Amino acid sequence: MKCAVCDESFNDGVQCGVCKKHLDFGCANISEAGYRKLGSDRRTAWKCPQCKQSRLSPVPGGDPSVLDNILTELRGLKQQLASLPTLIEDVKCIKQELSDLKASCEFSSDWLDKQEVRLSDLEQKVSDVKKIELSMNSAVNEISILRKELVQRDQWNRLNNIEIKGVPVKSSENLFSIVEALTETVAYSFPITQLIISQEYPCRILRTNIL
């Protein structure tokens with residue numbers, strides 16, 4: 001097999017996908033390893049340096065296959081670029097959505113910070129309320145104890161008292177004389193200063209401490 005550029009024989013080389021000419025690796029300006037890495041599809045579409053130049057600056061009367069390949073590639077590029085405006089709009093929409101999402105996240109973060117402060121205040125208030133509740137419970141217990149002590153003391157004091165009921169009311173009477181007469185009758189004397197007179201209708205109650 002002869003090279004289309006240097007006309008030298010060679011056993012292994014490349015073939016242009018446009019003009020179908022065979023070239024050795026040196027004239028093709030590509031290494032054997034690099035050519036092997038292209039893969040079957042890219043090797044089939046590979047172009048020699050001359051076809052690459054003619055693709056960029058075609059001359060009248062050139063190879064029609066080269067022009068057809070150029071038109072095909074241009075149509076493919078045009079089809080690919082046709083969706084570019086839509087992609088740009090999509091990117092703009094995504095950018096706007098990301099901006100809105102960022103603003104929403106910042107708002108949520110600020111709101112959470114405020115709620116955390118409020119929660120901390122509420123926890124402190126709950127702690128204070130619990131302390132007050134404990135103090136109130138302690139005060140209620142103390143009041144209950146004091147009430148019991150007062151009732152017991154009142155009951156104990158009443159054990160030492162004597163009440164005389166049913167003393168009729170008379171004009172120009174002397175209660176002290178009545179009390180003295182009662183004490184002589186029961187054979188028990190007590191100081192008149194300890195006498196308590198309660199005016200109750202229809203009669204009076206005389207109370208005195210017998211200690």
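Check segment 90-102 and report whether any residue there is small (G, A, S), assigned to a helix (DSSP H, G or I) and closer than 30 Å to S54 by Cβ. Please lay out each step first, then the result.
Our first condition is that a residue be small (G, A, S); within segment 90-102, this holds for 99.
Adding the requirement that they be assigned to a helix (DSSP H, G or I) leaves 99.
Then keep just the ones that are closer than 30 Å to S54 by Cβ; that gives none.
Within segment 90-102, not a single residue is small (G, A, S), assigned to a helix (DSSP H, G or I) and closer than 30 Å to S54 by Cβ.
Only one residue in E173, E142 is free of Cβ contacts under 8 Å to residues at least 12 places away in the same chain, assigned to a loop (DSSP other than H, G, I, E, B) and either surrounded by 10 or more Cβ atoms within 10 Å (Cβ to Cβ) or under 42 Å from the mean Cα position of the chain (by Cα) (or both). Which one? Reasoning before the result, please.
Values: E142 fails: assigned to a loop (DSSP other than H, G, I, E, B).
Unique residue meeting the criteria: E173.
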Fill in the blank from the handout: Restricting attention to segment 35-80, the residues that are at pLDDT 70 or above, among the charged types (D, E, K, R) and under 11 Å from C19 (Cα atoms) number exactly 2
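The values are calculated or read from the model by the stated rules, or taken from the named source; none is laboratory data. None of these values were measured; they are calculated from a predicted model. Every residue, glycine as well, gets a Cβ built from its backbone with ideal geometry; the counts of neighbours run over all protein chains shown.
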